[in-house]
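S.K.: My questions all concern the structure below.
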Amino acid sequence: METAELIILILSGFFVFGAFATYLKVSDWWVRVFDFPRLQISVMLIACIIAGIAVYSFTEIWHVAILVACFGALIFELVRIYLYTPFSKKQVMTYTGKDDQNSISLLVSNVLQTNRNSDKLIQLVKKYDPDILLTLETNKWWEKQLEKIEPEMPHTIKKSQKNLYGMHLYSKAELKNTSIKHLVKPNIPSFETEVMLNSKKSIKMYCLHPRPPFPTESDTSLFRDAELLIVGKKVEKTDEPVIVCGDFNDVAWSRTTRLFQKVSELLDPRIGRGFFNSFHAKIPFMRFPLDHVFHSDHFKLVKMKRLSSIGSDHFPIYIKLYYDSSFERRQEEPDADGEEQKYASEIISEANSKE
């Protein structure tokens, strides 16, 4: 075997494994990390296919076999990310009216705790004038800096922490029945609240930032997955308008986030519109959609945009939604079947047993 053939074989085998690994119901970080780079793996598989065609003589059966495996893995990856391209049907309808009484806008920003460019975030808040600002990784320093926006956004929920999981919410609208939860881990907070629109309609909101599966954070995705699915189960039980937002430390197309969406029956405004990659802001080739806003079928999308960098490793995400109860049932909701519901419950039970 020639050296070039061996290199292509090893690389092809690695990326084929990466494509199919997360299809397994395994929560180990070194398996689940392959959820993230679907687009990047697709590019590398194309490169392996081109290199194989150029180098292989096709006198050996494995020459054909490895290329077939690469083609199969490429198709599998493209199917997973296809929904998040403009070629797919939009899951959320577009609203083009002018009624602001029933609209709600959010700016979600993982600020990076060590980042000191608070003025850049404040400038974005002034420019886009969101009804709600959710910040993640915010500690006491960030809390102090963001006092500048409180005259315009006086309703707040604050949870400063030093462990990269602090969370702050600032709102123009009144907040009711607010609580800070620790759904899985005692040092990982989440928010639950009700936001009052100008029309006095109440919207249930959940804000999340679970721990990612990565060696420096957690050797398993179990607790992240369980936190998302616990909220999904809560949302499933209500007919109220709901928004779930935050840094999920998971990509939109992963098994877990798709399962969360099915269990909760929430809609994803990115489907049919684009990736809206929010991380990593400083590494263009390694970008993934980690910051999410899901909502019930009571809303249409007015606008969604990835904003400019504030010096964090995440880009902020801005979204504006329009509420109207008549939208309900006109937009097709995802739905979990019995097997998927059972699997979600098993994940939650396993996480609770290990906590």
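The values are calculated or read from the model by the stated rules, or taken from the named source; none is laboratory data. Here the structure is a predicted model, which is why all the values come from computation and not from measurement. Note that each Cβ is placed from the backbone with ideal geometry, even for glycine, and that neighbours are counted across all protein chains shown. Accessible surface is based on the protein model in full, side chains and every heavy atom, while ligands, DNA and RNA are left aside. Shrake-Rupley method; radii C 1.70, N 1.55, O 1.52, S 1.80 Å.
S.K.: If we keep just the residues of the stretch 218-247 that are among the basic types (Lys, Arg) and in a helix (DSSP H, G or I), which is farthest from Leu169 (Cα to Cα)?
M.R.: Lys233
S.K.: Within the bounds of the stretch 121-128, is there any residue that is of a type in the set (A, V, I, L, M) and farther than 23 Å from Phe275 by Cβ?
M.R.: yes
S.K.: Name the residues in the stretch 87-102 that are surrounded by fewer than 19 Cβ atoms within 10 Å (Cβ to Cβ) and part of a loop (DSSP other than H, G, I, E, B), would you?
M.R.: Scanning the stretch 87-102 gives Phe87, Ser88, Lys89, Lys90, Met93, Thr96, Gly97, Lys98, Asp99, Asp100, Gln101, Asn102.
S.K.: When you go through (1) in a helix (DSSP H, G or I); (2) open to solvent by less than 80 Å² (accessible area, probe 1.4 Å); (3) aromatic (Phe, Trp, Tyr) one by one for Tyr84, which number turns out not to apply?
M.R.: Failing condition for Tyr84: (1).
S.K.: Being without any contact (Cβ under 8 Å) to a residue 24 or more places away in the chain and of a type in the set (D, E, K, R) is the filter here, so list the residues in the stretch 43-93 that pass it.
M.R.: Once the filter is applied, which keeps residues that are without any contact (Cβ under 8 Å) to a residue 24 or more places away in the chain and of a type in the set (D, E, K, R), the stretch 43-93 yields only Glu60.
S.K.: Still on this structure, please answer the following. What number of residues within the stretch 139-157 satisfy the criterion of being farther than 22 Å from Gly311 by Cα and within 26 Å of the chain's Cα centre (by Cα)?
M.R.: The total comes to 4.
S.K.: Mind listing whichever residues of the stretch 227-255 are open to solvent by 20 Å² or more (accessible area, probe 1.4 Å), at pLDDT below 95 and not acidic (Asp, Glu)?
M.R.: Lys237, Thr238, Arg255
S.K.: Just one of Ile41, Ile61 is modelled with pLDDT of 95 or more and not basic (Lys, Arg); which is it?
M.R.: Ile41
S.K.: While we're looking at this one, here's another question. Collect the residues in the stretch 286-317 that are buried (at least 22 other Cβ atoms within 10 Å of the Cβ) and not hydrophobic (A, V, I, L, M, F, W, C), keeping them in residue-number order.
M.R.: Within the stretch 286-317, Pro289, Asp291, His292, His295, Ser296, His298, Lys300, Ser312, His314, Pro316 qualify.
S.K.: Filter the stretch 266-285 down to residues that are among the aliphatic types (A, V, I, L, M) and part of a loop (DSSP other than H, G, I, E, B) and give me whichever is surrounded by the most Cβ atoms within 10 Å (Cβ to Cβ).
M.R.: Leu266
S.K.: Collect the residues in the stretch 306-350 that are under 18 Å from Leu136 (Cβ atoms) and not in a loop (DSSP other than H, G, I, E, B), keeping them in residue-number order.
M.R.: Those that are under 18 Å from Leu136 (Cβ atoms) and not in a loop (DSSP other than H, G, I, E, B): Arg306, His314, Ile317, Tyr318, Ile319.
S.K.: Does the stretch 310-326 contain any residue that is modelled with pLDDT of 95 or more and of a type in the set (D, E, K, R)?
M.R.: Checked against the condition, which is being modelled with pLDDT of 95 or more and of a type in the set (D, E, K, R), the stretch 310-326 yields at least one hit.
S.K.: Further question on the same structure: Any residue at all in the stretch 119-126 that's under 23 Å from Leu266 (Cα atoms), over 20 Å from the mean Cα position of the chain (by Cα) and not in a loop (DSSP other than H, G, I, E, B)?
M.R.: Within the stretch 119-126, none of the residues are under 23 Å from Leu266 (Cα atoms), over 20 Å from the mean Cα position of the chain (by Cα) and not in a loop (DSSP other than H, G, I, E, B).
S.K.: So, in the stretch 148-198, exactly how many residues are within 17 Å of Val108 (Cα to Cα), of a type in the set (Lys, Arg) and assigned to a loop (DSSP other than H, G, I, E, B)?
M.R.: Number satisfying all stated conditions: 1.
S.K.: Out of all the residues in the stretch 42-63, is one or more open to solvent by 20 Å² or more (accessible area, probe 1.4 Å), within 24 Å of Pro213 (Cα to Cα), out of contact with any helix residue (DSSP H, G or I) (no Cβ under 8 Å at 6 or more places or on another chain) and not β-branched (Val, Ile, Thr)?
M.R.: No - not one qualifying residue is present in the stretch 42-63.
S.K.: Please pick out the residue among Ser42, Ser109, Ser105 that is part of a helix (DSSP H, G or I), under 25 Å from the mean Cα position of the chain (by Cα) and either on the phi > 0 side of the Ramachandran plot or polar (S, T, N, Q) (or both).
M.R.: Answer to the check: Ser42.
S.K.: Tell me, which residue of the stretch 127-147 that is assigned to a helix (DSSP H, G or I) and more than 23 Å from Lys320 (Cα to Cα) is least open to solvent (accessible area, probe 1.4 Å)?
M.R.: Trp142
S.K.: Please work out which residue is nearest to Val33 (Cα to Cα), limiting yourself to the stretch 231-252 and to residues that are among the acidic types (Asp, Glu) and within 19 Å of the chain's Cα centre (by Cα).
M.R.: Here the residue is Asp250.
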